[in-house]
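Structure first, then comments.
The values are calculated or read from the model by the stated rules, or taken from the named source; none is laboratory data. Predicted model, so just to flag it, every value in this text is computed and none were measured. Every residue, glycine among them, receives a Cβ derived from its backbone with ideal geometry; neighbour counts consider all protein chains shown. To get the accessible areas, we keep the full protein, side chains included, count just its heavy atoms, and leave off ligands, DNA and RNA. Shrake-Rupley method; radii C 1.70, N 1.55, O 1.52, S 1.80 Å.
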Amino acid sequence: MADDRPAISDQSEQALLSWLEAHGEPAYRAKQIRRSLARGSASSWEELTNLPHALRGALATEFRWSTVDLVAEEASADGETRKALLRLRDGSQIETVLMPHHGDRNAICLSTQVGCAMACAFCATGEMGLLRNLSTAEIIDQVRHWQKDLVRRGDRVSHVVYMGMGEPLHNYAATLASVRMLIDHELFAISPRRLTISTSGLVPQIDRLAAEDLPVNLAVSLHAPDDATRSLVMPVNKRWGVEAVLAAAARYVARTRRRITFEYVLLRGVNDSATAATALAALIVAHGRPQDSHVNLIPVNAGPGGFTRPRIETTERFAQILRDAGIVATVRISKGQDIAAGCGQLKVVNERRSGAAARV
Ligand code: SAH
Ligand code: SF4
């Protein structure tokens with residue numbers, strides 16, 4: 001049966017107000033509904049018991065409560081990280097991850113596209129190609145998926161990273177609309193300082209984001225200090241090279257006054273030499289104050305391309321060279337690797353579970 005109902009997460013406050021007015025309902029219901037959808041624990045319209053029965057029925061006829069259905073959830077052996085496989089209305093599947101941290105924060109990782117067009121050599125999502133963009137509601141409903149679970153336990157989503165499937169800045173409008181909903185005080189009320197958008201380096205969109213004057217954190221996936229190596233593992237580098245990406249990052253810092261994170265996936269024998277570390281440090285220093293930059297070193301997770309991780313000593317040497325140049329460098333071992341919830345692994349389980357090819 002075709003279900004053409006628009007998603008409630010896609011309705012602006014104004015649209016909801018108009019709908020309520022047309023149905024003879026008081027305006028304050030809009031606040032109630034929006035609050036329930038962002039910070040409530042309900043799984044369906046029926047559970048909004050603070051609304052009159054008839055209104056619930058009318059809303060259910062008009063709007064879909066959620067655009068995502070849980071297909072499967074896996075918990076990591078670390079006892080904290082959980083990954084949800086969600087089905088969208090057209091049958092596509094996406095994944096989202098919850099990463100609680102010592103009971104004081106609940107970070108979630110969001111997908112913005114089904115697949116990705118950027119085709120990075122080591123990334124499972126990139127291997128899928130781009131199937132389609134997610135709508136704003138499909139991004140926000142990933143947050144709501146975790147939020148309803150956390151709210152039931154007296155907790156809430158505190159941090160959001162756009163590091164799941166897809167390139168967030170390649171789906172700019174929906175990503176930005178979702179950011180605006182996350183920081184909206186009437187909705188999720190999450191500080192923009194607790195949001196991080198990760199990009200493979202789409203220069204015009206980085207500038208566009210800087211001009212929004214939202215102090216969200218930017219993470220730039222660099223992965224190599226020179227164009228030859230970067231183009232080899234990130235085809236997008238042929239469009240915007242290392243210098244252009246670093247210059248855009250510096251403009252972002254100047255405009256937003258946020259520190260920037262450079263993601264650097266370590267690939268044994270490809271980008272992990274002392275020479276590469278020295279070149280990376282020099283590049284960062286040349287493009288701004290090193291203290292404004294943080295380098296996140298990520299030993300590669302199992303994925304396409306047959307890449308392997310450097311030895312631990314090589315990784316440490318790489319980090320030390322950056323630190324000696326005054327740059328904060330951390331080594332991140334992705335959480336939840338046993339459930340393939342690590343970065344760049346967000347396709348593997350999807351295909352195994354769905355059985356069918358993910359391309360449509
Ligand atoms: N598309 C955006 C955000 C999603 S990818 C981007 O590329 O920045 C999030 C991070 O996971 C990126 O830094 C990406 O390079 C990294 N990643 C992808 N595949 C990986 C792998 N196999 N091992 C470790 N990190 C990986
Ligand atoms: Fe896309 Fe990011 Fe994967 Fe590259 S690393 S293919 S940009 S999701």
What nm distance separates the two modelled labels at residue 44 and residue 73, each placed 7 Å from Cα along Cα→Cβ? 1.8
Packing-based ranking, highest mean first, of 69-76, 196-203 given that Cβ atoms within 10 Å are counted: 196-203, 69-76
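In the chain, how many lysine pairs have Cα atoms under 26 Å apart, counting only pairs 8 or more places apart or on different chains? Write down the numbers at each step before the final one.
Values: 31/148; 83/148; 83/335; 83/347; 148/335; 148/347; 238/347; 335/347.
Number of lysine pairs found: 8.
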Determine the gain in length on full extension of the stretch residue 193-residue 308; use 0.36 nm per residue of separation and subtract their C-alpha separation, reporting nm with one decimal. 38.0 nm
Carbon and sulfur %, accessible surface of region 1-141 computed with the full protein complex present, 1.4 Å: 50
Using +1 at the Cβ of each Lys and Arg and -1 at the Cβ of each Asp and Glu in the chain, identify which of 53, 191, 280 lies farthest towards the dipole's positive end. 280
Work out from phi, with θ = phi - 60° and the Karplus expression 6.51 cos²θ - 1.76 cosθ + 1.60, the ³J(HN,Hα) of each residue of region 219-229, listed in order in whole Hz, and give x for Gly and Pro. 10, 10, 7, 9, 6, 6, x, 9, 5, 4, 5
Kirkwood Rh in Å, taken over the chain so that all alpha-carbon pairs contribute: 21.3
With the dipole of the chain defined by +1 on each Lys or Arg Cβ and -1 on each Asp or Glu Cβ, the option from 70, 40, 252 whose Cα lies farthest towards the positive pole is 252
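If you put +1 on each Lys and Arg Cβ and -1 on each Asp and Glu Cβ, how big is the dipole of region 13-62 around its Cα centre, in Debye rounded to 20?
220
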When N is the residue count of region 125-174, what does its C-alpha Rg come to as a fraction of 2.2 N^0.38 Å? 1.34
Whole-Hz ³J(HN,Hα) for each residue in region 321-332, computed from phi via Karplus 6.51 cos²θ - 1.76 cosθ + 1.60 with θ = phi - 60°, x for glycine and proline: what do you get? 4, 5, 5, 4, 8, x, 9, 6, 10, 10, 10, 10
For the chain, what is the relative contact order in percent, using Cα pairs closer than 8 Å and at least 6 residues apart in sequence? 15
At a Förster radius of 45 Å, what calculated FRET efficiency corresponds to the Cβ-Cβ distance of residue 153 and residue 238, to the nearest 0.05? 0.45
Rank by packing, highest mean first: peptides 92-102, 287-297, with packing defined as the count of other Cβ atoms within 10 Å averaged across residues. 92-102, 287-297
In debye, nearest 20: dipole of the chain around its Cα centre with unit charges on the Cβ of K, R (+) and D, E (-)? 460
Using a 10 Å cut-off on Cβ atoms, rank the peptides 33-39, 181-187 from the highest mean neighbour count down. 33-39, 181-187
